[in-house]
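Below is one structure, written out as C-alpha coordinates; comments come after it.
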Amino acid sequence: MADEPLVLGIETSCDETGVGIVRGTTLLADAVASSVNDHARFGGVVPEIASRAHLEAMVPTIQRALDTAGIKASDLDGIAVTAGPGLAGALLVGVSAAKAYAWALDKPLYGVNHLASHICVDQLEHGRLPEPTMALLVSGGHSSLLLTTDITSDVRPLGATIDDAAGEAFDKVARVLGLGFPGGPVVDRMAREGDPKAIAFPRGLSGAKDPAYDFSFSGLKTAVARWVEGRRRAGEDVPVADVAASFQEAVTDVLTRKAVKACRENGVDHLMIGGGVAANSRLREMAQQRCDKAGITLRVPRPGLCTDNGAMVAALGSEMVWRGRASSSLELSADSSLPVTEVSVPHNDVHGEAYRALGGGA
Ligand code: KG4
Ligand code: ZN
(Lines give C-alpha, C1' and ligand atoms only; values in the text may rest on other atoms or scores of the structure.)
(Ligands and ions follow the chains in the order given, each with its own letter.)
Protein backbone atom coordinates (compact mmCIF):
# COMPACT_ATOMS: atom_id res chain seq x y z
CA MET A 1 0.00 0.00 0.00
CA ALA A 2 1.31 3.43 -0.90
CA ASP A 3 0.58 4.82 2.59
CA GLU A 4 2.79 2.26 4.30
CA PRO A 5 6.22 3.41 5.50
CA LEU A 6 8.98 3.34 2.90
CA VAL A 7 12.23 2.68 4.76
CA LEU A 8 15.82 2.06 3.73
CA GLY A 9 17.89 -0.16 6.04
CA ILE A 10 21.67 -0.34 6.31
CA GLU A 11 23.51 -3.31 7.83
CA THR A 12 27.27 -3.36 8.45
CA SER A 13 27.72 -5.28 11.72
CA CYS A 14 30.06 -7.92 10.29
CA ASP A 15 31.29 -8.65 6.76
CA GLU A 16 28.16 -7.97 4.73
CA THR A 17 27.32 -4.47 3.49
CA GLY A 18 23.57 -4.80 3.22
CA VAL A 19 21.07 -2.24 2.01
CA GLY A 20 17.39 -3.09 1.88
CA ILE A 21 14.29 -1.12 1.00
CA VAL A 22 10.91 -2.06 2.40
CA ARG A 23 7.43 -0.61 2.07
CA GLY A 24 5.36 -1.78 5.05
CA THR A 25 6.13 -5.50 5.08
CA THR A 26 6.89 -5.68 1.36
CA LEU A 27 10.49 -6.13 0.25
CA LEU A 28 11.41 -3.84 -2.65
CA ALA A 29 15.20 -4.25 -2.75
CA ASP A 30 17.85 -6.32 -1.00
CA ALA A 31 21.37 -5.37 -2.12
CA VAL A 32 24.29 -7.12 -0.42
CA ALA A 33 28.04 -6.73 -1.03
CA SER A 34 30.09 -9.23 0.95
CA SER A 35 33.77 -9.08 1.86
CA VAL A 36 33.72 -12.75 2.90
CA ASN A 37 36.35 -13.75 0.32
CA ASP A 38 38.79 -11.18 1.69
CA HIS A 39 38.64 -12.90 5.09
CA ALA A 40 38.76 -16.53 3.96
CA ARG A 41 42.53 -16.90 4.06
CA PHE A 42 42.55 -15.68 7.69
CA GLY A 43 39.96 -18.27 8.73
CA GLY A 44 37.65 -15.63 10.22
CA VAL A 45 36.43 -12.06 9.79
CA VAL A 46 39.22 -9.48 10.17
CA PRO A 47 37.52 -6.34 11.59
CA GLU A 48 39.75 -3.79 9.87
CA ILE A 49 39.31 -5.44 6.47
CA ALA A 50 35.54 -5.54 7.01
CA SER A 51 35.40 -1.81 7.89
CA ARG A 52 37.36 -0.80 4.81
CA ALA A 53 35.22 -2.99 2.57
CA HIS A 54 32.04 -1.39 3.99
CA LEU A 55 33.43 2.03 3.24
CA GLU A 56 34.05 1.14 -0.40
CA ALA A 57 30.76 -0.72 -0.88
CA MET A 58 28.41 1.64 0.96
CA VAL A 59 27.42 4.25 -1.62
CA PRO A 60 27.26 1.86 -4.63
CA THR A 61 25.17 -0.61 -2.59
CA ILE A 62 22.72 2.13 -1.54
CA GLN A 63 22.46 3.25 -5.16
CA ARG A 64 21.87 -0.32 -6.31
CA ALA A 65 19.06 -0.75 -3.78
CA LEU A 66 17.39 2.53 -4.82
CA ASP A 67 17.63 1.55 -8.50
CA THR A 68 16.17 -1.91 -7.84
CA ALA A 69 13.29 -0.46 -5.82
CA GLY A 70 12.73 2.18 -8.48
CA ILE A 71 12.53 4.99 -5.96
CA LYS A 72 14.37 8.21 -5.18
CA ALA A 73 16.06 8.72 -1.82
CA SER A 74 13.76 11.68 -1.25
CA ASP A 75 10.73 9.33 -1.36
CA LEU A 76 11.85 7.58 1.85
CA ASP A 77 10.00 7.95 5.15
CA GLY A 78 13.02 6.95 7.23
CA ILE A 79 16.54 5.52 7.33
CA ALA A 80 17.20 2.55 9.62
CA VAL A 81 20.64 1.27 10.53
CA THR A 82 22.13 -1.49 12.66
CA ALA A 83 23.48 0.31 15.75
CA GLY A 84 24.71 -2.94 17.36
CA PRO A 85 25.74 -5.49 18.37
CA GLY A 86 28.64 -6.24 16.03
CA LEU A 87 32.17 -5.17 15.17
CA ALA A 88 32.68 -1.60 16.40
CA GLY A 89 34.52 -0.26 13.34
CA ALA A 90 32.19 -1.99 10.92
CA LEU A 91 29.07 -0.68 12.68
CA LEU A 92 30.51 2.81 12.64
CA VAL A 93 30.61 2.88 8.83
CA GLY A 94 26.91 2.03 8.57
CA VAL A 95 25.87 4.40 11.34
CA SER A 96 27.88 7.27 9.81
CA ALA A 97 26.38 6.65 6.39
CA ALA A 98 22.84 6.46 7.79
CA LYS A 99 23.32 9.69 9.72
CA ALA A 100 24.67 11.44 6.63
CA TYR A 101 21.71 10.34 4.49
CA ALA A 102 19.19 11.13 7.24
CA TRP A 103 20.65 14.59 7.73
CA ALA A 104 21.05 15.40 4.03
CA LEU A 105 17.54 14.16 3.18
CA ASP A 106 15.97 15.48 6.38
CA LYS A 107 14.47 12.07 7.22
CA PRO A 108 14.11 10.40 10.63
CA LEU A 109 16.89 8.03 11.64
CA TYR A 110 16.27 4.70 13.41
CA GLY A 111 19.24 3.02 15.09
CA VAL A 112 18.10 -0.57 15.62
CA ASN A 113 19.29 -3.85 17.10
CA HIS A 114 20.78 -6.40 14.71
CA LEU A 115 19.23 -9.33 16.60
CA ALA A 116 15.69 -7.94 16.59
CA SER A 117 16.18 -7.29 12.86
CA HIS A 118 16.96 -11.00 12.31
CA ILE A 119 13.53 -11.73 13.81
CA CYS A 120 11.59 -8.92 12.15
CA VAL A 121 12.77 -9.88 8.65
CA ASP A 122 10.30 -12.74 8.71
CA GLN A 123 7.49 -10.21 8.33
CA LEU A 124 8.66 -9.67 4.75
CA GLU A 125 7.80 -13.28 3.96
CA HIS A 126 5.05 -14.33 6.31
CA GLY A 127 3.32 -11.10 7.34
CA ARG A 128 3.21 -9.55 10.80
CA LEU A 129 4.59 -11.63 13.64
CA PRO A 130 1.90 -13.14 15.86
CA GLU A 131 1.84 -11.88 19.44
CA PRO A 132 3.49 -13.58 21.18
CA THR A 133 6.14 -15.26 19.05
CA MET A 134 8.99 -17.44 20.29
CA ALA A 135 12.21 -16.69 18.39
CA LEU A 136 15.18 -18.99 18.15
CA LEU A 137 18.00 -16.70 17.11
CA VAL A 138 21.05 -18.55 15.84
CA SER A 139 23.91 -16.66 14.23
CA GLY A 140 27.69 -16.47 14.22
CA GLY A 141 27.75 -14.43 17.41
CA HIS A 142 24.50 -15.34 19.22
CA SER A 143 22.26 -18.25 20.10
CA SER A 144 19.20 -17.30 22.11
CA LEU A 145 15.59 -18.11 22.81
CA LEU A 146 13.61 -14.89 22.85
CA LEU A 147 9.97 -14.27 23.60
CA THR A 148 8.49 -11.24 21.87
CA THR A 149 5.06 -9.66 21.95
CA ASP A 150 6.09 -6.54 20.02
CA ILE A 151 9.33 -6.68 18.07
CA THR A 152 9.85 -2.92 18.38
CA SER A 153 9.70 -2.79 22.16
CA ASP A 154 9.47 -6.13 23.93
CA VAL A 155 12.12 -8.81 23.45
CA ARG A 156 12.55 -11.06 26.50
CA PRO A 157 15.49 -13.45 26.66
CA LEU A 158 14.58 -16.88 28.06
CA GLY A 159 17.99 -18.42 27.49
CA ALA A 160 21.22 -18.13 25.52
CA THR A 161 24.47 -19.91 24.88
CA ILE A 162 26.84 -19.98 27.83
CA ASP A 163 29.87 -20.31 25.53
CA ASP A 164 30.05 -20.57 21.72
CA ALA A 165 27.26 -19.49 19.40
CA ALA A 166 25.82 -22.17 17.09
CA GLY A 167 27.33 -20.53 13.98
CA GLU A 168 30.70 -20.27 15.70
CA ALA A 169 30.59 -24.02 16.32
CA PHE A 170 29.88 -24.62 12.62
CA ASP A 171 32.81 -22.36 11.69
CA LYS A 172 35.21 -24.07 14.13
CA VAL A 173 34.23 -27.59 13.12
CA ALA A 174 34.66 -26.66 9.46
CA ARG A 175 38.17 -25.46 10.26
CA VAL A 176 39.01 -28.75 12.04
CA LEU A 177 37.76 -30.61 8.97
CA GLY A 178 39.72 -28.32 6.62
CA LEU A 179 36.55 -27.13 4.88
CA GLY A 180 37.31 -23.39 4.88
CA PHE A 181 35.38 -20.32 6.04
CA PRO A 182 32.54 -19.63 6.66
CA GLY A 183 31.81 -23.11 7.90
CA GLY A 184 28.02 -23.25 8.02
CA PRO A 185 27.18 -23.55 4.32
CA VAL A 186 29.95 -26.07 3.56
CA VAL A 187 29.19 -28.28 6.60
CA ASP A 188 25.52 -28.17 5.54
CA ARG A 189 26.50 -29.37 2.03
CA MET A 190 28.94 -32.05 3.22
CA ALA A 191 26.45 -33.36 5.77
CA ARG A 192 24.03 -34.31 2.99
CA GLU A 193 26.45 -37.07 1.93
CA GLY A 194 27.00 -38.32 5.49
CA ASP A 195 25.27 -40.43 8.15
CA PRO A 196 23.92 -38.28 11.03
CA LYS A 197 23.96 -41.35 13.29
CA ALA A 198 27.56 -42.37 12.50
CA ILE A 199 29.06 -40.73 15.59
CA ALA A 200 27.23 -39.99 18.87
CA PHE A 201 28.43 -36.48 19.65
CA PRO A 202 27.33 -34.90 22.98
CA ARG A 203 24.18 -32.77 23.33
CA GLY A 204 25.23 -29.85 25.55
CA LEU A 205 23.12 -28.83 28.58
CA SER A 206 20.57 -31.55 27.93
CA GLY A 207 20.51 -33.19 31.36
CA ALA A 208 17.45 -33.08 33.61
CA LYS A 209 19.12 -30.60 35.96
CA ASP A 210 20.57 -28.35 33.24
CA PRO A 211 18.99 -24.97 32.47
CA ALA A 212 16.19 -25.75 30.05
CA TYR A 213 16.63 -22.82 27.66
CA ASP A 214 20.40 -22.25 27.70
CA PHE A 215 22.79 -23.73 25.16
CA SER A 216 26.41 -24.87 25.17
CA PHE A 217 28.32 -25.79 22.02
CA SER A 218 31.91 -25.60 23.18
CA GLY A 219 31.96 -29.20 24.53
CA LEU A 220 30.54 -30.45 21.24
CA LYS A 221 33.15 -28.54 19.24
CA THR A 222 35.94 -30.02 21.42
CA ALA A 223 34.46 -33.52 21.12
CA VAL A 224 34.50 -33.23 17.31
CA ALA A 225 38.12 -31.95 17.34
CA ARG A 226 39.23 -34.81 19.64
CA TRP A 227 37.47 -37.42 17.55
CA VAL A 228 39.07 -36.15 14.34
CA GLU A 229 42.53 -35.88 15.95
CA GLY A 230 42.20 -39.44 17.23
CA ARG A 231 41.55 -40.75 13.72
CA ARG A 232 44.43 -38.75 12.27
CA ARG A 233 46.82 -39.92 14.99
CA ALA A 234 45.89 -43.51 14.28
CA GLY A 235 46.68 -42.88 10.60
CA GLU A 236 43.05 -43.49 9.65
CA ASP A 237 40.99 -41.54 7.13
CA VAL A 238 38.55 -39.00 8.54
CA PRO A 239 35.02 -39.64 7.23
CA VAL A 240 34.37 -35.93 6.73
CA ALA A 241 30.75 -36.25 5.58
CA ASP A 242 29.83 -38.47 8.55
CA VAL A 243 31.52 -36.10 11.02
CA ALA A 244 29.74 -33.11 9.46
CA ALA A 245 26.36 -34.88 9.51
CA SER A 246 26.76 -36.15 13.09
CA PHE A 247 27.91 -32.75 14.35
CA GLN A 248 25.06 -30.96 12.56
CA GLU A 249 22.58 -33.46 13.97
CA ALA A 250 23.78 -32.76 17.52
CA VAL A 251 23.40 -28.97 17.06
CA THR A 252 19.99 -29.12 15.42
CA ASP A 253 18.68 -31.72 17.89
CA VAL A 254 19.44 -29.47 20.87
CA LEU A 255 18.25 -26.24 19.20
CA THR A 256 14.93 -27.63 18.05
CA ARG A 257 14.21 -29.61 21.23
CA LYS A 258 14.77 -26.57 23.45
CA ALA A 259 12.83 -24.24 21.13
CA VAL A 260 9.79 -26.52 21.09
CA LYS A 261 10.01 -26.96 24.86
CA ALA A 262 10.14 -23.18 25.32
CA CYS A 263 7.01 -22.79 23.18
CA ARG A 264 5.14 -25.50 25.06
CA GLU A 265 6.08 -24.31 28.53
CA ASN A 266 5.22 -20.69 27.76
CA GLY A 267 2.00 -21.41 25.89
CA VAL A 268 3.33 -19.98 22.62
CA ASP A 269 2.19 -21.61 19.38
CA HIS A 270 4.38 -19.73 16.86
CA LEU A 271 8.11 -20.34 16.55
CA MET A 272 10.32 -18.14 14.40
CA ILE A 273 13.91 -19.13 13.58
CA GLY A 274 16.31 -16.41 12.44
CA GLY A 275 20.03 -15.66 12.00
CA GLY A 276 22.61 -17.20 9.68
CA VAL A 277 22.30 -20.73 11.08
CA ALA A 278 18.56 -20.68 10.26
CA ALA A 279 19.72 -21.15 6.65
CA ASN A 280 20.79 -24.69 7.62
CA SER A 281 18.78 -27.28 5.71
CA ARG A 282 18.74 -29.90 8.47
CA LEU A 283 17.73 -27.35 11.12
CA ARG A 284 14.83 -26.23 8.94
CA GLU A 285 13.74 -29.82 8.28
CA MET A 286 13.97 -31.00 11.90
CA ALA A 287 12.27 -27.84 13.21
CA GLN A 288 9.39 -28.40 10.79
CA GLN A 289 8.97 -32.04 11.87
CA ARG A 290 9.05 -31.24 15.57
CA CYS A 291 6.77 -28.21 15.26
CA ASP A 292 4.23 -30.22 13.24
CA LYS A 293 4.22 -32.86 15.94
CA ALA A 294 3.77 -30.29 18.72
CA GLY A 295 1.08 -28.26 16.90
CA ILE A 296 3.36 -25.23 16.61
CA THR A 297 3.38 -23.01 13.51
CA LEU A 298 6.95 -22.58 12.26
CA ARG A 299 8.12 -19.42 10.49
CA VAL A 300 11.58 -19.37 8.92
CA PRO A 301 12.61 -16.80 6.30
CA ARG A 302 14.19 -18.03 3.08
CA PRO A 303 17.95 -18.70 3.50
CA GLY A 304 19.02 -15.44 1.81
CA LEU A 305 17.12 -13.44 4.42
CA CYS A 306 18.53 -15.49 7.34
CA THR A 307 22.15 -14.46 6.81
CA ASP A 308 23.02 -10.78 7.34
CA ASN A 309 21.31 -8.34 4.97
CA GLY A 310 19.90 -4.83 4.86
CA ALA A 311 16.30 -5.91 4.26
CA MET A 312 16.03 -7.09 7.85
CA VAL A 313 17.08 -3.67 9.13
CA ALA A 314 14.61 -1.97 6.79
CA ALA A 315 11.91 -4.40 8.00
CA LEU A 316 12.45 -3.38 11.63
CA GLY A 317 12.74 0.30 10.69
CA SER A 318 9.45 0.10 8.83
CA GLU A 319 7.82 -1.56 11.84
CA MET A 320 9.20 1.21 14.09
CA VAL A 321 7.62 3.86 11.85
CA TRP A 322 4.37 1.92 11.59
CA ARG A 323 4.06 1.64 15.36
CA GLY A 324 4.92 5.30 15.89
CA ARG A 325 8.14 4.57 17.78
CA ALA A 326 10.57 7.39 18.48
CA SER A 327 13.38 7.98 16.03
CA SER A 328 17.04 8.23 17.05
CA SER A 329 18.95 11.42 17.45
CA LEU A 330 21.65 12.35 14.94
CA GLU A 331 24.06 11.86 17.84
CA LEU A 332 23.38 8.12 17.55
CA SER A 333 26.51 6.06 18.08
CA ALA A 334 27.29 2.41 17.41
CA ASP A 335 27.22 0.05 20.40
CA SER A 336 29.19 -3.12 19.72
CA SER A 337 27.65 -4.92 22.70
CA LEU A 338 24.09 -3.61 22.49
CA PRO A 339 21.92 -5.93 24.64
CA VAL A 340 19.26 -7.94 22.86
CA THR A 341 16.56 -6.27 24.98
CA GLU A 342 17.35 -2.84 23.51
CA VAL A 343 15.54 -2.96 20.19
CA SER A 344 16.36 0.62 19.33
CA VAL A 345 18.97 3.06 20.50
CA PRO A 346 18.66 6.41 22.34
CA HIS A 347 15.94 8.36 20.83
CA ASN A 348 15.23 12.00 20.58
CA ASP A 349 11.95 13.67 21.41
CA VAL A 350 10.64 13.65 17.85
CA HIS A 351 8.14 10.98 18.75
CA GLY A 352 6.71 9.11 15.82
CA GLU A 353 7.69 11.82 13.36
CA ALA A 354 7.51 9.65 10.24
CA TYR A 355 4.34 7.95 11.45
CA ARG A 356 2.57 11.27 11.82
CA ALA A 357 3.83 12.41 8.42
CA LEU A 358 1.99 9.36 7.04
CA GLY A 359 -1.20 10.49 8.71
CA GLY A 360 -1.03 8.04 11.61
CA GLY A 361 -1.11 8.64 15.36
CA ALA A 362 -2.70 11.49 17.27
O1 KG4 B 1 23.55 -13.98 11.01
P2 KG4 B 1 24.86 -14.15 10.32
O3 KG4 B 1 24.91 -13.98 8.83
O4 KG4 B 1 25.94 -13.21 10.96
C5 KG4 B 1 25.96 -12.94 12.33
O6 KG4 B 1 25.14 -12.11 12.77
O7 KG4 B 1 26.75 -13.63 13.00
O8 KG4 B 1 25.37 -15.61 10.72
C9 KG4 B 1 26.59 -16.10 10.25
C10 KG4 B 1 26.76 -17.51 10.75
C11 KG4 B 1 28.13 -18.10 10.43
O12 KG4 B 1 28.65 -18.69 11.59
C13 KG4 B 1 27.82 -19.13 9.35
O14 KG4 B 1 28.73 -20.22 9.36
C15 KG4 B 1 26.42 -19.55 9.73
O16 KG4 B 1 25.78 -18.36 10.13
N17 KG4 B 1 25.69 -20.16 8.61
C18 KG4 B 1 25.25 -21.43 8.62
C19 KG4 B 1 24.68 -21.67 7.34
N20 KG4 B 1 24.79 -20.52 6.61
C21 KG4 B 1 25.41 -19.60 7.41
N22 KG4 B 1 25.31 -22.37 9.57
C23 KG4 B 1 24.80 -23.58 9.28
N24 KG4 B 1 24.26 -23.90 8.08
C25 KG4 B 1 24.16 -22.97 7.09
N26 KG4 B 1 23.62 -23.30 5.91
ZN1 ZN C 1 23.50 -11.55 11.95
Determine whether ARG175 is touching a residue at least 40 places away in the same chain (Cβ under 8 Å), assigned to a helix (DSSP H, G or I) and surrounded by fewer than 19 Cβ atoms within 10 Å (Cβ to Cβ).
yes
Which numbered condition ASP122 fails, given (1) under 16 Å from the mean Cα position of the chain (by Cα); (2) acidic (Asp, Glu); (3) away from ligand 2 (no atom under 16 Å from the Cβ):
(3)
Matching entry among PRO196, PRO202 (being in a loop (DSSP other than H, G, I, E, B), in contact (Cβ under 8 Å) with a residue 40 or more places away in the chain, more than 15 Å from ligand 1 (Cβ to nearest atom) and over 20 Å from the mean Cα position of the chain (by Cα))
PRO202
Restricting to region 316-347, and then to whatever is part of a loop (DSSP other than H, G, I, E, B) and of a type in the set (A, V, I, L, M, F, W, C), can you tell me which residue is nearest to the chain's Cα centre (by Cα)?
VAL340
Could you check region 138-175 and list, in sequence order, the residues that are β-branched (Val, Ile, Thr) and either farther than 30 Å from VAL238 by Cα or more than 14 Å from ligand 1 (Cβ to nearest atom) (or both)?
THR148, THR149, ILE151, THR152, VAL155, ILE162
Those residues that are touching a strand residue (DSSP E or B) at 6+ places or on another chain (Cβ under 7 Å) and β-branched (Val, Ile, Thr), I need them from region 88-112; list them, please.
VAL95, VAL112
Only one of PRO239, PRO303 is surrounded by fewer than 20 Cβ atoms within 10 Å (Cβ to Cβ) and either closer than 29 Å to SER13 by Cα or within 16 Å of ligand 1 (Cβ to nearest atom) (or both); which?
PRO303
Conditions first: (1) away from ligand 1 (no atom under 13 Å from the Cβ); (2) among the aliphatic types (A, V, I, L, M); (3) within 16 Å of VAL321 (Cβ to Cβ). ALA100 passes all but one, so which condition is the exception?
(3)
Here are some residues: VAL251, VAL260. Which one is without any contact (Cβ under 8 Å) to a residue 60 or more places away in the chain and either more than 22 Å from ARG302 (Cβ to Cβ) or in a helix (DSSP H, G or I) (or both)?
VAL260
Based on what the data block shows, is GLY24 within 16 Å of ligand 2 (Cβ to nearest atom) and surrounded by fewer than 24 Cβ atoms within 10 Å (Cβ to Cβ)?
no
Top-ranked residue in region 331-362 [being more than 18 Å from PRO157 (Cα to Cα) and acidic (Asp, Glu); ranked as modelled with the highest pLDDT]:
ASP335
Contact list please: Cβ distance under 6 Å, first residue in region 266-286 and more than 7 Å from ligand 1 (Cβ to nearest atom), second residue in a strand (DSSP E or B) and of a type in the set (Gly, Ala, Ser), pairs at least six apart or on different chains.
MET272/ALA135
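The values are calculated or read from the model by the stated rules, or taken from the named source; none is laboratory data. The structure presented is a predicted model; accordingly, all values stated were derived computationally and were not measured. Don't worry about glycine lacking a Cβ; one is built from the backbone with ideal geometry, like all the others, and counts go over all protein chains shown.
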